Amino acid sequence: MEAGATTPVVAFIGLGVMGLPMVTNLHRSGTAVTGYDLSPAARNAAGERGIPVADDLGALLEQSDVVVTMLPNTPHVESVVHGADGVLARSAPGTLMVDMSSISPQGTLAIHSALQERQIRFVDAPVSGGVKGAVAGTLSVMAGGDADSVERARAILQPMSSRITHMGPVGTGQATKVCNQVAVAINIQAVCEAFTLGRALGVDLGRLREAMMGGATASWVLDNLGPQMLAGDDSAGFRIVLQVKDLRLALDAAADAGAPLPAASGVLNMYLEAVAHGEGGNGNQALSRVYERLANRDIARP
Ligand code: NAD
């Protein structure tokens, strides 16, 4: 199909924890979308939901005029762009690529340069809102790209999101996302620390959370992850290894730009302690376990 056609044909690459509910919402909206993932199990899970799935990436790219990626990190997106069956080799000029993964802002600029040489349009569009937002179709999208490309991407992004903020040119979406991750991670640390103190003082932690939700510290983290911390529920959600990846991306970008991030450095080290304890697959709220070790007592159980 020609680029710019009114009913785009979309390839959605990366059907993991986030990609699967996102592609489900896109499919439900009536968009002609086909999913692809390296993992046969992920492809099967999408197929079981009635989503068309391809097992030949190159052929899928040749038939698609929009390519959406939701992959773990920069090298994964680079491999889908530069691989033998990737976007540069198989997508037609005029194709729009929308990368919704959280990857390096600097790497994003390099990907954009390579795509520009083939006249492939590019929007970086990472998201915030977690699995809950992905399932509900209420993600916040931080988009970087020229106005025409972002406008073209909007029809694809809308069924997955409740807010699309056009931040500026390519790269500004990922720059926004690393800022967002710094604030989320430090917010998680702040909640863990408040609970640790409350526990030590003998405060009822459920009521502490309730009181805080009515005041100046109310937040998405306290609302959504606070109950999991108190229940001792470490399940993911957003895995600790991905949080480590995002904090590293933020600190790399900060080093290049000369921005001091003392609190983000501190919380990264605490997450690395969790990884060292074999907890990298836990949800990022399980930073509470690191605090439990520091305090030598369990936040969840008195
Ligand atoms: P995930 O690991 O669950 O899913 C990634 C999927 O990509 C996997 O199914 C994997 O098989 C597939 N994949 C890897 N390399 C591939 C390749 N070359 N070609 C095709 N498929 C490939 O990760 P996720 O939790 O869905 O996160 C995806 C991205 O979204 C990450 O950048 C993450 O930081 C970001 N993110 C996650 C959350 C969350 O709550 N999980 C929230 C916001 C943003």
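General remarks:
- Think of it as helices only: each DSSP H run of n ≥ 4 in the chain is worth -39500 (n - 2.57), and spread over all residues that comes to -15500 deg cm²/dmol at 222 nm.
- Segment ALA263-ALA84, extension gain: residue separation times 0.36 nm, minus the distance between their alpha carbons: 60.3 nm
- Neighbourhood net charge (11 Å Cβ-Cβ; Lys/Arg +1, Asp/Glu -1) for MET167: 0
- Percentage relative contact order, region 9-169, counting C-alpha pairs under 8 Å, at least six apart: 20 percent
- Cα shape, region 124-191, gyration tensor, a/c 1.5 rule: oblate
- Between VAL53, VAL203, VAL80, the Gaussian network model of the chain with springs among Cα atoms under 10 angstrom shows the greatest mean-square fluctuation at VAL203.
- Hydrodynamic analysis of the chain uses the Kirkwood radius over alpha carbon pairs. Inserted into Stokes-Einstein at 10 °C and 1.306 mPa s, it gives a translational diffusion coefficient of 79 µm²/s.
- Counted charge near ALA153, where neighbours are those whose Cβ lies closer than 11 Å (Asp, Glu -1; Lys, Arg +1): -2
- Fluctuation leader among PRO159, PRO126, PRO40 - the chain, Gaussian network, Cα springs under 10 angstrom: PRO40
- Segment ALA183-ALA295, extension gain: residue separation times 0.36 nm, minus the distance between their alpha carbons: 37.9 nm
- Using a simple spin-label model with pseudo-atoms 7 Å out from Cα toward Cβ, ALA59 and THR165 lie 4.2 nm apart.
- Unit charges on C-beta of K, R, D, E only; dipole of region 176-295, Debye: 20 debye
- Nearest 10 degrees, 0 to 90: helix 240-257 Cα axis against the chain principal axis: 80 degrees
- Within-15-Å neighbourhood charge of VAL275 [Cβ basis; K, R +1; D, E -1]: +1
- Additional length obtainable on full extension of the chain from VAL275 to ALA155, 0.36 nm per residue less Cα span: 39.3 nm
- The H on the amide N of VAL9, modeled in the peptide plane, is under 5 Å from the matching H of ASP65, VAL66, each at least 5 residues off or on a different chain.
- Residues in the chain average 43 Å² of solvent-accessible surface per residue, probe 1.4 Å, ligands and nucleic acids excluded.
- Farthest toward the positive end of the dipole of the chain, out of PHE12, HIS112, THR138, is the Cα of THR138, where the dipole comes from beta carbon charges about the Cα centre.
- Here the accessible area is traced with a 1.4 Å probe on the protein chains. For the chain, carbon and sulfur cover 55 percent of it.
- Choice from VAL123, VAL267, VAL178 with maximal GNM fluctuation in the chain (Cα, 10 Å cutoff): VAL267
The values are calculated or read from the model by the stated rules, or taken from the named source; none is laboratory data. Everything numeric in this text was worked out from a predicted model, so none of it was measured. Backbone-built Cβ (ideal geometry, glycine too); neighbour counts: all protein chains shown. Surface areas here come from the heavy atoms of the whole protein model, side chains and all, with no ligands, DNA or RNA. Shrake-Rupley method; radii C 1.70, N 1.55, O 1.52, S 1.80 Å.
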